[in-house]
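Single-structure report; data block below.
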Amino acid sequence: MDEKLLVRRAQAGDFEAFTDLIKAHKDRIYGLALRLSGNSQDAEDVVQDTFLKAIDKIDQFRLESSFGTWLYSIALNQARAMLARRKQEDLKPIEEYLPVRVAADDDSGGHGHGSHGLFEWKDPEKLLEDKELRQAIDKLIAELPYQYREAFLLRYDQGLSVKEIAAIINESEAATKSRILRARLALREKLSEIFETRYDREVS
Amino acid sequence: MTGKCPEYLNDLNDYLDGTLDQATCAEIQRHLGECENCRIMIDTLRQTVTLCRGGKPEPLPPALEARLNGLLKTRWEQKFGKRPG
Ligand SMILES: [Zn+2]
């Protein structure tokens, strides 16, 4: 059914219309919450708070964006609020994840001496099917400082543009870009460490 | 590696995401042809995103799904009142 029609029905008090509206977004929001929070308990709380909030604010939705985008920004706010409450910010600063020279910000590039081993990664597509590796990757993402994790996931997991993310997180586009890049470099370093160990294991 | 290497680290993401201007793109491509380290860096950065992208969405745990239905219904009725049907 037409989204606008469903929204109007929901705003008039039709619960079925509301559940129809959120149905398409449930799994996606749970997936994002899971990756942002790094654990299923917190992710469940975020999903629950998001939909309760959506009920509270349904009259305020003006169809200026799609319902999904609207729901999405609510979810992000809930995730931030939840993580702020849990004070998960006592994580290591991003610099500890970056190649030495990038972290030092001396503009000399992210590769070369500072960077972790530069070698080809074999069959990344095949690696995706490896459950153990998937879990390791989820853990890497969960360990990134929140603001980097958020920027990275919104860009590549959710496919938003830099401009859209900058608006959502209320930062300049330059700062947003820098967060995304640093997150990406940090994850590359950590993956490189994992693969180095793996390949060694295979060879020996 | 050449002296050009360090210059474009900040452009890497734009290059990889296809949002960089043509001229700089061409410059980077030329450099990649002659610099093994940068080529591997670019490849592995690209693969990083492939590997870190979630893949399929996570289905809601059934217990949450069940709890959610009740919770939302209750909140809805608090807001709009009980409706027949
Ligand atoms: Zn180079």
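The values are calculated or read from the model by the stated rules, or taken from the named source; none is laboratory data. As the structure is a prediction and not an experimental result, all values here were calculated from the model. Using ideal geometry, Cβ is built from the backbone for each residue, glycine included, and neighbour counts are taken over all protein chains shown. What goes into the accessible areas is simple: the full protein's heavy atoms, side chains included, and nothing from ligands, DNA or RNA. Shrake-Rupley method; radii C 1.70, N 1.55, O 1.52, S 1.80 Å.
Across region B:37-80, what is the number of residues that are within 8 Å of chain A (Cβ to nearest Cβ), within 16 Å of the ligand (Cβ to nearest atom) and surrounded by fewer than 17 Cβ atoms within 10 Å (Cβ to Cβ)?
Residues meeting the conditions: 2.
Which residue pairs have Cβ atoms closer than 9 Å, lie 6 or more positions apart in sequence or on different chains, and pair a first residue in region A:1-12 that is without any contact (Cβ under 8 Å) to a residue 60 or more places away in the chain with a second residue that is of a type in the set (K, R)?
A:M1/A:R9
From the list A:I165, A:I169, A:I180, A:I141, which residue is open to solvent by less than 20 Å² (accessible area, probe 1.4 Å), out of contact with any Pro (no Cβ under 8 Å at 6 or more places or on another chain) and at pLDDT below 85?
Checking each option against the conditions leaves just A:I169.
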